[in-house]
Every structure is written in C-alpha cells, then in structure tokens.
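Following: one structure in structure tokens, then a few remarks.
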Amino acid sequence: MPKILVTGGTGFIGSHTVVELHNAGYEVVIVDDLSNSNPKILQQLETIIGIRPEFVELDLCDEAKVKEFVSKHSDIAGVIHFAAFKAVGESVQNPLKYYRNNFYSLINLITAFNSNVKLVFSSSCTVYGQPDILPVTEAAPTKKAESPYGNTKQIAEEILEETCAVTPDLKVTSLRYFNPVGAHHTALIGELPIGVPQNLVPFITQSAIGKRGAITVYGDDYDTVDGSAIRDYIHVVDLAKAHVAAIKRLESGKAESNYEVFNLGTGKGSTVLQIIDAFEQSTGQKLNYTIGARREGDIEKVWGDVSKAAKDLGWKAELGISEMMLSAWNWEKYLKDNPF
Ligand code: WQD
C-alpha cells in the first residue's frame with residue numbers, strides 16, 4: 001500500500017482525510033506539532049479505521065528534524081500538507097507568527113524531499129477575496145488578502161507555482177477550500193476550536209448546546225436574499241475525499257502540468273440566516289441569534305465554480321447542508337459527554 005504523509009493530520013480536515021485515505025487503501029503517517037489539535041484524535045482514528053495511524057510529533061519549522069524524518073521515511077509516495085496556523089483574527093494580531101510558521105514548514109518539507117515529491121497543498125478560497133464574478137473559477141484573479149493568514153495562502157501558492165515552474169520533479173496540487181463544516185458520521189472526530197469559535201458553524205453548535213450565548217449574525221445589510229452574507233459550505237468528509245482524488249491524480253501522472261489548482265466547494269451558496277434555519281430544521285434545536293454589525297474583513301458573497309474538480313479529479317461534493325448541520329450537532333453532543 002502506498003504510504004502518504006499527512007502533515008497536520010490530527011487537525012479537523014487532516015483527521016477526516018486520514019480516514020478517507022485508509023478507506024481508499026493507503027497507508028498513512030501523520031506528523032503534527034499538536035499546537036492546535038488534540039492527540040486524543042489518534043485514539044478516535046483507531047476506533048474509526050481499526051488501526052492506529054503511525055504518528056510522529058514534529059515541528060515542521062525545525063529544518064534538521066524534518067530532514068531526519070524524511071530520511072527515515074523513504075517509502076512516502078506523496079504528501080498532503082495541512083499543517084499551518086489558520087486563525088484569521090490571530091494572524092492580524094501576530095503576523096510574524098503566521099509568516100514564520102506557514103512558510104518555514106512548507107519550505108522545509110519540500111527541501112527535505114529534495115523538491116522531488118508529489119504534494120497536495122491546503123489552500124483556501126480566501127485567495128479570491130470578494131470575487132467580481134460568481135461562481136468564482138480557478139482562473140479568477142487572486143486579490144490582496146484581508147489578513148496575514150489569507151496572505152500566507154496566497155504567497156504559498158506563488159512559492160509552489162514558481163518552484164514547480166523550474167522543478168519538473170516537484171508535482172503540486174493546490175486545493176482551494178470554501179467553508180469546511182460538519183463531522184464524521186460516527187461523531188468521533190470533528191472540528192475542535194480552541195476558545196471561542198470564530199467560525200459560524202462551531203459557534204452555532206456551541207450555542208445550541210448551551211456553551212455559548214446567542215449567535216451574532218455579522219450583518220444583515222448585504223446585497224443578498226436576506227441581507228446576510230453568503231458562503232459555499234462544504235461537508236468536511238466530501239472535502240477529505242477530494243484529497244484522495246488529488247493524490248490519485250498526482251500518482252496517475254495525468255496532470256497537464258506539475259502545478260494545478262482546484263476549487264473545492266459545492267457550487268452553491270448559503271446565507272448565514274439560511275444556515276441557522278437549516279440547523280434548526282435538521283436538528284430540531286431552536287437557536288437564539290441577534291443581528292450585529294458586519295465583521296471587519298468579511299466579504300459579502302462567494303461560492304465556487306467546481307466544474308474543474310469534477311472534470312479532472314472525478315470528484316464532486318455529495319453531502320448537503322442538512323447532513324452538514326446534523327453531523328456537526330452530533331459531534332457537539334459527543335463532546336459534551338466525552339470532553340477532550
Ligand atoms: C462564515 C459567515 C461570517 C461567525 C474563514 C476563513 C477561511 C476558512 C473558513 C480556513 C461569515 C458569519 C460567523 C459568527 C456570523 N478558514 N458569521 N457569526 O470567514 O467565511 O472563512 O473560515 O481555511 O479561510 O476566512 O468563515 O465561519 O468565520 O464565517 O455571522 O459568529 O458567517 O460573517 O459571513 P469565513 P466563518
């Protein structure tokens with residue numbers, strides 16, 4: 001079985017991708033510095049897939065340690081690189097922490113493989129900013145990010161594209177996520193925000209379970225059907241499956257170039273108020289919310305054109321908003337009875 005290195009594999013999207021890689025017949029080795037995730041996830045993964053994935057605690061900013069790890073794992077057939085700091089607000093307060101971590105880790109990883117590696121990179125629709133045309137395609141221009149976090153994604157993509165242009169043995173696929181939400185159907189893994197959730201859906205589930213107060217809807221004066229902002233929410237399990245499809249494409253050698261980019265969304269947008277309604281409808285839980293001011297740095301509306309992933313990855317999202325909400329709620333209820 002080909003072995004895939006998953007950096008940040010104890011995180012939200014990383015852990016779900018480990019499950020789907022196993023289901024697709026891959027062996028996995030996880031590296032993570034556990035700075036933003038919980039090692040108990042390894043036990044949860046063992047319960048889900050029946051084996052405990054190989055795990056190495058590693059700070060990818062430590063160049064020597066990364067080289068040592070790679071030299072001891074010559075059987076790695078590909079890499080999925082999730083490990084990065086991703087809190088938009090924190091990145092504004094501490095830009096250097098984000099630039100240092102997100103770039104050192106990426107560059108150390110590629111260098112350790114002597115730039116001869118198949119790599120799937122975790123990027124984000126945040127690189128588009130507020131698109132001028134919707135749905136947004138991969139050909140749309142990127143815009144100056146609103147946050148250092150978003151900037152690290154944009155610049156990382158440029159680093160990868162420019163390096164691939166002069167390094168034929170480096171084969172990279174950047175996956176631009178829209179809004180990942182939900183949890184595995186077993187409710188054994190899911191999103192584990194640290195502190196007060198900044199993202200909408202974990203705040204909703206924590207409000208519903210009584211851990212937080214009322215939800216604040218950040219603005220109802222946008223040019224949308226109900227005034228609240230639109231995003232393209234995608235189930236984290238669908239997103240995980242797309243990473244397997246991306247690895248398979250890299251292994252197949254069918255890629256037109258050694259640097260490719262794909263949007264990973266559903267192609268459909270939902271407003272904040274529609275998400276709140278969908279949560280109430282699918283879980284039967286009543287939510288309390290108030291309308292507040294717009295959040296600094298938010299864009300008004302975005303949803304993805306996902307035809308390229310359908311054509312070239314043979315992948316499309318299958319799970320709908322109701323399953324996203326229900327799985328997120330089941331995970332929140334599991335956490336209440338089994339605190340990490
Ligand atoms: C969604 C919508 C908020 C909380 C961010 C990152 C992006 C990606 C996903 C990593 C917005 C509204 C939110 C709340 C609200 N992260 N909202 N009340 O900002 O679209 O994207 O997370 O890849 O890169 O930028 O996601 O969930 O924070 O917000 O009204 O309490 O919900 O204004 O319209 P966002 P989000």
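The values are calculated or read from the model by the stated rules, or taken from the named source; none is laboratory data. None of these values were measured; they are calculated from a predicted model. Here the Cβ is made from the backbone with ideal geometry for all residues, glycine too, and neighbour counts use every protein chain on show.
Hey, among the residues in the stretch 289-323 that are in contact with a helix residue (DSSP H, G or I) (Cβ under 7 Å, 6 or more places away or on another chain) and loosely packed, with under 13 Cβ neighbours inside 10 Å, which one's farthest from I247 (Cα to Cα)?
Ranking the qualifying residues of the stretch 289-323, first place goes to E318.
Within the stretch 192-270, which strands (runs of 3 or more DSSP E) (wholly inside it) include 3 or more residues that are more than 30 Å from P339 (Cα to Cα)?
259-264
Kindly indicate whether P193 is within 12 Å of the ligand (Cβ to nearest atom) and touching a Pro at 6+ places or on another chain (Cβ under 9 Å).
yes
Quick check on my filter: what residues within the stretch 97-111 are hydrophobic (A, V, I, L, M, F, W, C) and more than 23 Å from S252 (Cα to Cα)?
So the first thing to find is which residues in the stretch 97-111 are hydrophobic (A, V, I, L, M, F, W, C), and the list is 103, 106-107, 109-110.
Hits for the stretch 97-111 are F103, L106, I107.
Which one of the conditions (1) out of contact with any Phe, Trp or Tyr (no Cβ under 8 Å at 6 or more places or on another chain); (2) within 15 Å of the ligand (Cβ to nearest atom) does I230 fail to meet, given that it meets all the rest?
Result: I230 passes all but (1).
I'd like to verify a number: residues in the stretch 299-337 that are under 29 Å from E260 (Cβ atoms), within 16 Å of the ligand (Cβ to nearest atom) and either part of a loop (DSSP other than H, G, I, E, B) or not aliphatic (A, V, I, L, M) (or both), how many?
First, the residues of the stretch 299-337 that are under 29 Å from E260 (Cβ atoms): 299-321, 323-324.
Now drop any that are not within 16 Å of the ligand (Cβ to nearest atom), which leaves 299-304, 317, 321, 324.
This time we only want the ones that are either part of a loop (DSSP other than H, G, I, E, B) or not aliphatic (A, V, I, L, M) (or both), so: 299-304, 317.
Looking only at that region, the number is 7.
From the list F12, F113, F69, which one is crowded, with 18+ Cβ neighbours inside 10 Å, in contact with an Asp or Glu (Cβ under 7 Å, 6 or more places away or on another chain) and at pLDDT 95 or above?
Working: F113 fails: in contact with an Asp or Glu (Cβ under 7 Å, 6 or more places away or on another chain); F69 fails: in contact with an Asp or Glu (Cβ under 7 Å, 6 or more places away or on another chain).
Within the list F12, F113, F69, the selection yields F12.
Under 8 Å between Cβ atoms, at least 6 apart or on separate chains: pull out the pairs that start in the stretch 77-96 with a residue that is over 13 Å from G11 (Cα atoms) and end on any residue that is surrounded by fewer than 23 Cβ atoms within 10 Å (Cβ to Cβ) and of a type in the set (D, E).
Between residues of the stretch 77-96 that are over 13 Å from G11 (Cα atoms) and residues that are surrounded by fewer than 23 Cβ atoms within 10 Å (Cβ to Cβ) and of a type in the set (D, E), the close pairs are A77/E251; G78/E251; V88/E146.
I need the full set of residues from the stretch 29-48 which are within 19 Å of D75 (Cα to Cα), among the aliphatic types (A, V, I, L, M) and within 18 Å of the chain's Cα centre (by Cα), in order please. It would help to see each step written out before you state the result.
Pass one, the stretch 29-48, residues within 19 Å of D75 (Cα to Cα): 29-32.
Pick out the ones that are also among the aliphatic types (A, V, I, L, M) and you get 29-31.
Selection gives I30, V31.
Going through the stretch 134-178 one residue at a time, which ones are in contact with a strand residue (DSSP E or B) (Cβ under 8 Å, 6 or more places away or on another chain) and of a type in the set (G, A, S)?
Once the filter is applied, which keeps residues that are in contact with a strand residue (DSSP E or B) (Cβ under 8 Å, 6 or more places away or on another chain) and of a type in the set (G, A, S), the stretch 134-178 yields G150, A156, A165, S174.
Across the stretch 260-298, what is the total count of residues that are at pLDDT below 95 and touching a Pro at 6+ places or on another chain (Cβ under 9 Å)?
Of the residues in the stretch 260-298, 0 are at pLDDT below 95 and touching a Pro at 6+ places or on another chain (Cβ under 9 Å).
Condition test on A255, is it in contact with a strand residue (DSSP E or B) (Cβ under 9 Å, 6 or more places away or on another chain), at pLDDT below 95 and surrounded by 16 or more Cβ atoms within 10 Å (Cβ to Cβ)?
Values: in contact with a strand residue (DSSP E or B) (Cβ under 9 Å, 6 or more places away or on another chain): yes; at pLDDT below 95: yes; surrounded by 16 or more Cβ atoms within 10 Å (Cβ to Cβ): yes.
Answer is yes for this residue.
Applying the selection to the stretch 197-210, what residues are in contact (Cβ under 8 Å) with a residue 12 or more places away in the chain, surrounded by fewer than 18 Cβ atoms within 10 Å (Cβ to Cβ) and more than 9 Å from the ligand (Cβ to nearest atom)?
I209 - this is the single residue of the stretch 197-210 that is in contact (Cβ under 8 Å) with a residue 12 or more places away in the chain, surrounded by fewer than 18 Cβ atoms within 10 Å (Cβ to Cβ) and more than 9 Å from the ligand (Cβ to nearest atom).
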